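Coordinate-derived values only; no laboratory data. Because the structure is a prediction, the values reported are computed rather than measured. So basically every Cβ, Gly included, is an ideal-geometry build from the backbone, and we count neighbours across all protein chains shown.
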Amino acid sequence: MKRLAVFAVAAVLAASAFAQNASWIGNSYITTKIDGATDATWYDAGATGQQAGAFLGKDLGTISSLVLGGQIQSYGDQDGANNPAFLNYDIDNGAATQIQLDWFQYENNNNWFQGEGSVPVANYADGESHDLKVYFSKPSGDGTIYETNDPHDYVATFKAESASAVPEPATMSLLGLGALAMVLRRKLRK
């Protein structure tokens, strides 16, 4: 009898712990802001196609800067605000980098997470095409769970160009005035 009571208590505790862990993540979107854009372009990852076209196979073109972001839902995680999700990316099968997706709402038994971060595309300014691979992850009591293009990542391509510094008009005006002052000074000395 004592063993049965201990087993029952252990089962209840395990069930309550399991209920608080994320058992599913999905409905994911990937966002990009290219070359200083203020509005993000949304792409479906594991979502249903309601917001934008697919990220998988997308050619982002020739870019000099990239802000990569994402949005994802989780189900079964009662403490979403203290248990963030992550967007993970790598370029050309390099080391994976995580961008934290912070909790922003709980709705219909789902936690929603969103975030963004800069990707150092200038490091790849060699005129070649590069693969940008993206997947989502979330810690859970059952281990980390993933949202991928099973069994692969969501992959887009890009070419990087170095961001060349273009002086602003005010800077050019000051440089012009400085040159003019030097010429006038030289003429006044003669």
**OP:** Name the long-range amide H neighbours of residue 115: under 5 Å, sequence gap of 5 or more, or other chain; modelled H, no Pro or chain starts.
**Re:** 70, 102
Original post:
Which net charge results for the neighbourhood of residue 42, defined as the other residues with beta-carbon distances under 13 angstrom from its beta-carbon, given Lys and Arg at +1 and Asp and Glu at -1?
Top reply: -1
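First select every other residue whose beta carbon is under 15 angstrom from the beta carbon of residue 131; then total the charges, Lys and Arg +1, Asp and Glu -1.
Values: positive: 58, 133, 159; negative: 59, 90, 92, 126, 128, 153.
In short, -3.
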Original post:
At what distance in nm do the modelled label points of residue 179 and residue 123 sit from each other, each positioned 7 Å from its Cα along Cα→Cβ?
Top reply: 3.8 nm
Original post:
Under a point spin-label approximation (7 Å from Cα along Cα-to-Cβ), what is the residue 144-residue 98 distance to one decimal in nm?
Top reply: 0.6 nm
Subject >> Sum of side-chain charges, residue 152 neighbourhood, beta-carbon under 14 Å (Lys, Arg +1; Asp, Glu -1) >> reply: -4
Subject >> Efficiency of FRET from Cβ geometry, residue 187 and residue 161, R₀ 30 Å, rounded to 0.05 >> reply: 0.10
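What order do you get for 66, 56, 101, 184 when you list them from fewest to most C-beta neighbours inside 10 Å? Don't skip to the answer; put the middle values down first.
Numbers: 66 21, 56 16, 101 25, 184 10.
Starting with the residue having the fewest Cβ neighbours, the order is 184, 56, 66, 101.
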Subject >> Proximal aspartates and glutamates relative to residue 138, as straight alpha-carbon distance under 14 Å, when same-chain residues fewer than 8 apart are discounted >> reply: 77, 79, 102, 147
Original post:
Non-local amide H neighbours of residue 45 (under 5 Å, H modeled in plane, Pro and chain starts lacking H): which ones?
Top reply: 28, 29, 30
